[in-house]
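What follows is a set of notes on a single structure, which appears directly below.
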Amino acid sequence: MKTIEIITDKGHIDTIIGLADQYDAVDYWLGAEGEDGRQSIRLLVKTDIIQTVLDRLQSLLGGTENTHIIVQATEVVLPKMAETDKDEGDARKKKATYREEIYNAIANETKLDSHYITLVVLSTLVAAIGLAENNVAVIIGAMVIAPLLGPNLAFGLATALGDRELAGQSLLSIVVGLVLAIGLSFLLGLVWPSALDSHELISRTTVGLDSIALALASGAAAVMSLTSGVSSVLVGVMVAVALLPPAATLGLMLAVGHINMAEGAALLLAVNIVSVNLAAKVVFLIKGVRPRTWLEQKKAKQSLWLYVLLWLVTLAILIWIILTEPVVR
């Protein structure tokens, strides 16, 4: 369940109570009226209708000044509500986060700030050293940091919502992160005393159709975890479809002049990026993650299908390269 607190002018309270009755809110209670004429009301609602209630509240109060809508997680409600087995099963199936919660969770990972830059630098160093030394544990450590996964998921959400600002911000973070990772690993390769022939490094220079299937499945799992509130899945996704190891491999191989291997690493990196974005867009579409108003939904749907088609065409080109280039089989 969720608790929605609305702080607004007293004149809107009756409308909110009517909304609570309309959507069968579990309960609601009023706060004291403030000196400024505003009053708070809290609604206790089931998780499966949280998005509908929020959309209605924003439609009714969105243009109202001095109005705030606050959503709080409700861990336990006592006494426990009686539920049938069917109700419990439906609750598990409908367990989901709401659009604004998904947005906040992802948008925070796309900011191009010192924190993001530091994570990219550190994870690149960890990945490059682990690859060169053939140390699986160190490589997994770099995968779990995964600073590039968030902006890619954010780009998929931005196209689902038609949010140009988030799309631009996430795309910039992706480009800067990749350039920084490849450039730093290139510099490291110039001074690294190793022959750069470890098994873990070489394995990132070959690509097959299984790489595409893995990236698509992992990207879908990442978005499913975000929309269902099961964040623990993300750790496995970070390891399965890591973007930094192939980026680090690309830089290292360019530094020592192994162009064919660098091409293989670049192809693997491209496959992972395209597959994650494509899977994210499809899952957001299936899950019904969309803007609130009809006009915004129409615009977002058009852009979403355009991006899906673009990624499908790009993926088809990558598959053709994989099947026709012996060096990356």
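The values are calculated or read from the model by the stated rules, or taken from the named source; none is laboratory data. The structure presented is a predicted model; accordingly, all values stated were derived computationally and were not measured. Quick reminder, even Gly has a Cβ in these numbers, built from the backbone with ideal geometry, and neighbours come from all protein chains shown.
The table that follows gives values for the structure above.
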| read-out | value |
| --- | --- |
| When residues of region 27-61 are limited to those that are more than 23 Å from MET1 (Cα to Cα) and surrounded by fewer than 16 Cβ atoms within 10 Å (Cβ to Cβ), the one farthest from the chain's Cα centre (by Cα) | GLU35 |
| Failed criterion for GLY264 (all others in (1) closer than 23 Å to TRP320 by Cβ; (2) surrounded by fewer than 19 Cβ atoms within 10 Å (Cβ to Cβ); (3) of a type outside the set (A, V, I, L, M, F, W, C); (4) modelled with pLDDT of 90 or more hold) | (2) |
| Matching entry among LEU234, LEU226, LEU243 (being at pLDDT below 90, aliphatic (A, V, I, L, M), surrounded by fewer than 22 Cβ atoms within 10 Å (Cβ to Cβ) and farther than 18 Å from TRP192 by Cβ) | LEU234 |
| When residues of region 131-146 are limited to those that are modelled with pLDDT of 85 or more and crowded, with 22+ Cβ neighbours inside 10 Å, the one farthest from the chain's Cα centre (by Cα) | ALA132 |
| Some residue of region 171-179 being within 12 Å of the chain's Cα centre (by Cα) and crowded, with 24+ Cβ neighbours inside 10 Å | no |
| Residues of region 154-165 satisfying the condition of being crowded, with 20+ Cβ neighbours inside 10 Å and not β-branched (Val, Ile, Thr) | ALA154, PHE155, GLY156, LEU157, ALA158, ALA160, LEU161, GLY162, ASP163 |
| Test result for GLU200, closer than 29 Å to LEU323 by Cβ, over 20 Å from the mean Cα position of the chain (by Cα) and among the acidic types (Asp, Glu) | yes |
| Pairs, first on the phi > 0 side of the Ramachandran plot in region 154-168, second basic (Lys, Arg) and part of a helix (DSSP H, G or I), C-beta under 8 Å, six or more apart | GLY162/LYS299 |
| Filtered residue count, region 192-227, keeping only those that are outside any helix (DSSP H, G or I), polar (S, T, N, Q) and closer than 23 Å to LEU153 by Cβ | 0 |
